[in-house]
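Okay, so here's the structure we're looking at.
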Amino acid sequence: MTPYLSPEILAELRTIKWLLVAVLLVGAFFVYLAIRAGARFVAGMGNLKENLEYQRFQRDAEGMLQRGAYEMVIGEVNRRLESYPSDTYAHYYLAQALFHTNKSHEARRAFEKVAELTPTWQASVDVWIQRLEERLRDAAPKVVK
C-alpha cells in the first residue's frame with residue numbers, strides 16, 4: 001500500500017531535492033577552490049625556499065667580491081650556474097670576478113652573456129667592457145722610439 005502524497009508535498013520534495021543538488025554543487029566548487037589554493041600555497045613554499053637560497057647566493061657573492069675573494073666567487077658562481085644556467089646575476093658576478101683576476105677574454109664573454117640574457121643591463125655591461133678594453137690597450141706592448 002502506497003501512502004498518498006498530496007501534490008503540495010510532492011512539489012516541496014522536488015524543491016528540497018533541487019536545493020540539495022545546488023548545495024552539493026556549491027560545496028564541490030568550494031572544495032575545488034580549496035584544493036587549488038592549497039596547491040598554490042605548496043608551490044609558493046617551494047618558491048620561497050628558492051628565493052631565500054637566491055638571496056643568500058647574492059649576499060655571499062657580493063660579499064666575496066667586496067673582500068676580493070675572486071676565486072671563491074668563480075667557484076660559487078660555477079656551482080650556481082650548473083643548476084641555473086640563465087641566472088643573470090650569476091653571470092654578472094662571474095664576469096666581475098674574471099675581470100679582477102685578469103682573465104679579460106673570459107670576462108668579456110661573461111659580460112656579453114649578461115647582456116644577452118638581460119638586454120636592459122647593456123649599459124652596465126658596456127661600462128665593464130670599456131674598462132676591459134682600456135686594460136688591454138694599456139697592457140699592449142708600446143713602440144719605443
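For the stretch 9-25, the set of residues classified as more than 52 Å from the chain's Cα centre (by Cα) and not β-branched (Val, Ile, Thr) consists of Leu10, Ala11, Glu12, Leu13, Arg14, listed by residue number.
With respect to being surrounded by 13 or more Cβ atoms within 10 Å (Cβ to Cβ), under 15 Å from Ile129 (Cβ atoms), in contact with an Asp or Glu (Cβ under 6 Å, 6 or more places away or on another chain) and without any contact (Cβ under 8 Å) to a residue 40 or more places away in the chain, Leu94 falls outside the description.
Table: residues versus (1) charged (D, E, K, R); (2) surrounded by 10 or more Cβ atoms within 10 Å (Cβ to Cβ); (3) within 15 Å of Ala110 (Cα to Cα); (4) touching a helix residue (DSSP H, G or I) at 6+ places or on another chain (Cβ under 9 Å).
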{"residue": "Ala43", "(1), (2), (3), (4)": "no, yes, no, no"}
{"residue": "Glu50", "(1), (2), (3), (4)": "yes, yes, no, no"}
{"residue": "Glu53", "(1), (2), (3), (4)": "yes, yes, no, no"}
{"residue": "Gln58", "(1), (2), (3), (4)": "no, yes, no, yes"}
{"residue": "Ala61", "(1), (2), (3), (4)": "no, yes, no, yes"}
{"residue": "Gln66", "(1), (2), (3), (4)": "no, no, no, no"}
{"residue": "Ala69", "(1), (2), (3), (4)": "no, yes, no, yes"}
{"residue": "Val77", "(1), (2), (3), (4)": "no, yes, yes, yes"}
{"residue": "Leu81", "(1), (2), (3), (4)": "no, yes, yes, yes"}
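None of the figures in this text is laboratory data; all of them are computed from the coordinates on show. Please read all numbers here as calculations on a predicted model, not as lab measurements. Positions of Cβ are backbone-derived with ideal geometry, glycine not excepted, and every protein chain shown enters the neighbour counts.
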